[in-house]
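The values are calculated or read from the model by the stated rules, or taken from the named source; none is laboratory data. Keep in mind it's a predicted model, so treat the numbers as computed, not measured. In this analysis, Cβ positions are derived from the backbone assuming ideal geometry, glycine residues included, and neighbour counts consider all displayed protein chains. The protein model used for the area step is the full one, side chains on, heavy atoms only, and it has no ligands, DNA or RNA in it. Shrake-Rupley method; radii C 1.70, N 1.55, O 1.52, S 1.80 Å.
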Amino acid sequence: MNTCLRMSIIVLMFRIDWRKFLFVGTSITLTGILLQISTLPYPLTIWIPPPPLAISSHRPFNGTTRLSETATSLAQDGQFESVVLLNHSAEFNQPVPVLEEGKKVSQQSIRSKAAKPEVLVTLPTQSRINVPGRLLRHIRSLTLDEALIYAKKEIESALFVTSDPDLYAPLFRNLSVFKRSYELMELMLKVYIYQEGKRPIFHQPQLKGIYSSEGWFMKLMQGNRQFITTDPEKAHLFYLPYSVRQLQLALYVQDSHDIKPLKRFLRNYVIMLSSKYPFWNRHHGSDHFFVACHDWGPYTVTEHEELTKNTIKALCNADLSEGIFVTGKDVSLPETTIRNPRKPLRNLGGKRASQRSILAFFAGRMHGRVRPLLLKYWGNKDEDMKIYRLLPNRVSRNMSYAHHMKSSKYCICPMGYEVNSPRIVEAIYYGCVPVIIADNFVPPLDEVLDWSAFSVIVAEKDIAEPDSDAATVVNFWDLLEWVLSLKLISFGSELNRIGLIHSMNVCSKTLGAWVKGIYKSIS
């Protein structure tokens, strides 16, 4: 038997044209490889391509990632071909040095301070997700319009999700859409930042004070390498990197009540960009965005029609009654007061629900139309409700403003001159249920978060019955007591899990809510 086998091999070696055989075999192999690369976005593990992978990777706010069972099993089998970094670049995760506002720092002073230990803001840790290399190459091969169409279809056909180990589902309007949108944002989104514009109005974030949300967003976005591209031809979004707060400090004349110089400045800036580059004119500004937490943010754009109507506006002052903020396109940005940029999360948290002795609390200045009514009908009317004009010295000596919020079940967040209030985020900081009183106000990240699940929204007219006197008010009290019987104050721990309390992280992740808007405006 062995002799016959040897004879057959010898005959084949001399009769077969091995050059032709190798040529034909190589041609078939190369043809198969080219077919796979050009037509299939997924690995050709078998001759019939597998269905798209459902990658459950989302933990956007707290910096850790878990894969779904499908993705994990494939990773263990070695079928993932590359690794994509989520949430932050390596540079993005380094401590961020913060400079005091108004101080000029020389190179010598920087060197002298380098040896001294400083308290710095450290950003959340970096996450990783395994993604098929073929899928990445397929996505990167798409044109901008094709990529947006692809993403829109993926979001519309997102796998139905009712629970997630990393996200508290009841807080979201549609957890399935949010997860898939966020995953695609991490994979695809590219942002170009215009370099035009001089400091301090441009490229100089203000990280302290009531308007610091816009500054933190600018700071984190400019330091991010995952989303930022230096090639505008590859960008899905274009960032106008100015600060309305810095614009006010630079151009507004004190007590003039005239913001026209600010409007004209922004109008001329957009005209300059549209004449210098083709990107604004390509979609008339609908793929451009700016971030403004100052109250004047929406009013400073009205001198330029396309800037007003087309751009994506991330505003703290998200007021529907002005006709400038547009739901479905614009984004309501969280507003918070950062008192110490080096320790923005100082004094975070509050007492347990059973230890909160105050039913509702408010203390603040009496400007705007709502706050005087609140004080009129509820100031010093009930021991369980602490409603003050400003916190009296006799009270603050025993319990500070922050400690009042930490000890309250509900924190009243009435509008002032404008609809937005930093108390909403402060309430979440301290584990207190925010009670929002501001008609026409769009709560922060409203397209993503279901605010009815963790807040109370009260119409201005319901502060008191129209014909009631101060001693017999019913609506507000009954509403709070009813909600208290249905909701647990422990929602604060769930808010902490998704990172709403981390104001700088919320700002950096606002892009997740913008993806839907840009898809609508372009596709």
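List of remarks:
- Count - residues of segment 210-248 that are within 14 Å of the chain's Cα centre (by Cα) and among the aromatic types (F, W, Y): 3
- Condition check for G349: in contact (Cβ under 8 Å) with a residue 24 or more places away in the chain, at positive phi and surrounded by 24 or more Cβ atoms within 10 Å (Cβ to Cβ): no
- S275 passes every criterion in (1) crowded, with 18+ Cβ neighbours inside 10 Å; (2) in a helix (DSSP H, G or I) apart from (1).
- Per-region count, segment 368-408, residues part of a strand (DSSP E or B) and either over 30 Å from the mean Cα position of the chain (by Cα) or exposed (fewer than 14 other Cβ atoms within 10 Å of the Cβ) (or both): 5
- Answer from S357, S396, S408 - the residue that is of a type in the set (S, T, Y), over 30 Å from L237 (Cα atoms) and without any contact (Cβ under 8 Å) to a residue 12 or more places away in the chain: S396
- Every residue from segment 217-240 that is under 19 Å from P341 (Cβ atoms) and either among the hydroxyl-bearing types (S, T, Y) or in a loop (DSSP other than H, G, I, E, B) (or both): G223, N224
- Residue selected from segment 296-343 under the condition charged (D, E, K, R) and not in a loop (DSSP other than H, G, I, E, B), by the criterion surrounded by the fewest Cβ atoms within 10 Å (Cβ to Cβ): E305
- All positions within segment 239-249 that are open to solvent by 40 Å² or more (accessible area, probe 1.4 Å) and in contact with a helix residue (DSSP H, G or I) (Cβ under 9 Å, 6 or more places away or on another chain): R245
- Test result for K152, surrounded by fewer than 20 Cβ atoms within 10 Å (Cβ to Cβ), part of a helix (DSSP H, G or I), modelled with pLDDT under 95 and not aromatic (F, W, Y): yes
- Residues that are among the hydroxyl-bearing types (S, T, Y) and within 20 Å of the chain's Cα centre (by Cα) were ranked within segment 263-320; the one that is farthest from S421 (Cα to Cα) is S286.
- Evaluation of C293 against (1) open to solvent by 60 Å² or more (accessible area, probe 1.4 Å); (2) closer than 13 Å to L247 by Cα; (3) among the hydrophobic types (A, V, I, L, M, F, W, C) (one fails), failing number: (1)
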